[in-house]
1. Against the condition under 16 Å from Gly40 (Cα atoms) and β-branched (Val, Ile, Thr), how does Val110 come out, does it pass?
2. Would you tally the residues in the range 1-16 being part of a strand (DSSP E or B) and more than 23 Å from the chain's Cα centre (by Cα)?
3. Please indicate, with yes or no, whether at least one residue in the range 82-105 is among the small types (Gly, Ala, Ser) and either out of contact with any strand residue (DSSP E or B) (no Cβ under 9 Å at 6 or more places or on another chain) or loosely packed, with under 13 Cβ neighbours inside 10 Å (or both).
4. Sort out which residues of the range 107-143 are buried (at least 19 other Cβ atoms within 10 Å of the Cβ) and small (Gly, Ala, Ser), and write them in order of number.
5. Select from the range 27-48 the residues that are among the hydrophobic types (A, V, I, L, M, F, W, C), over 18 Å from Leu61 (Cβ atoms) and buried (at least 20 other Cβ atoms within 10 Å of the Cβ) and list them in ascending order.
Amino acid sequence: EAMTLADRIALMQDGRIIQYAPPREIYNQPDDVFGGWFMGNPGMNFFEGLFQQAHDGAYHLPFFAQPLRLNSANGNVAQLTLGIRPEHVKVSTTQSGNAVLAQVVDRAIVIGGQTLLQLKVGELTCKAKLPAGQGNGLGNEVWVEFPLDRVRLFGADGHHPDVALLVS
């Protein structure tokens, strides 16, 4: 109810305020992993410590078809965690853009007729939430894409770091 009624929310963990902001800001730009997990049903998908730097300075991750560029003036890039909300994971039956192949491990119909998919991309698992009707007719293999403008980075301490994705 706080998400719909409040102008601002104080998100607390272990008796301390970890973020005080408008509900949409806490949801879309959580300051730490706890906020990303706690706000939402289900919470964000998190991928930890997967960055491998190539000779061209870009970083490669197993579930991104395209290399990532980071503004990493300071901070330990290898310790970064990526977060993305299940409803922002794009799912398709055909390959397009920067999509990678995934296996559908489980599926469920949730409130409002939405489809919640449990996906396996290589050795990683993640959730995708599809609008009502879009989950119909999906097979056991789908193409998934993680839009960079929807990805949130977190440092080794779980907080938003001084590192940013460079989205073109």
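1. When the stated conditions are applied, Val110 passes them.
2. 1
3. So in the range 82-105, the residues among the small types (Gly, Ala, Ser) come out as 83, 92, 96-97, 99, 102.
Within this subset, residues satisfying the condition of being either out of contact with any strand residue (DSSP E or B) (no Cβ under 9 Å at 6 or more places or on another chain) or loosely packed, with under 13 Cβ neighbours inside 10 Å (or both) are 96-97.
Within the range 82-105, one or more residues are among the small types (Gly, Ala, Ser) and either out of contact with any strand residue (DSSP E or B) (no Cβ under 9 Å at 6 or more places or on another chain) or loosely packed, with under 13 Cβ neighbours inside 10 Å (or both).
4. Ala128, Gly135
5. Selection gives Met39 alone.
Each value in this text was obtained by applying a stated rule to the coordinates, not by laboratory testing. Everything numeric here is computed off the predicted structure, so don't read it as measured data. So basically every Cβ, Gly included, is an ideal-geometry build from the backbone, and we count neighbours across all protein chains shown.
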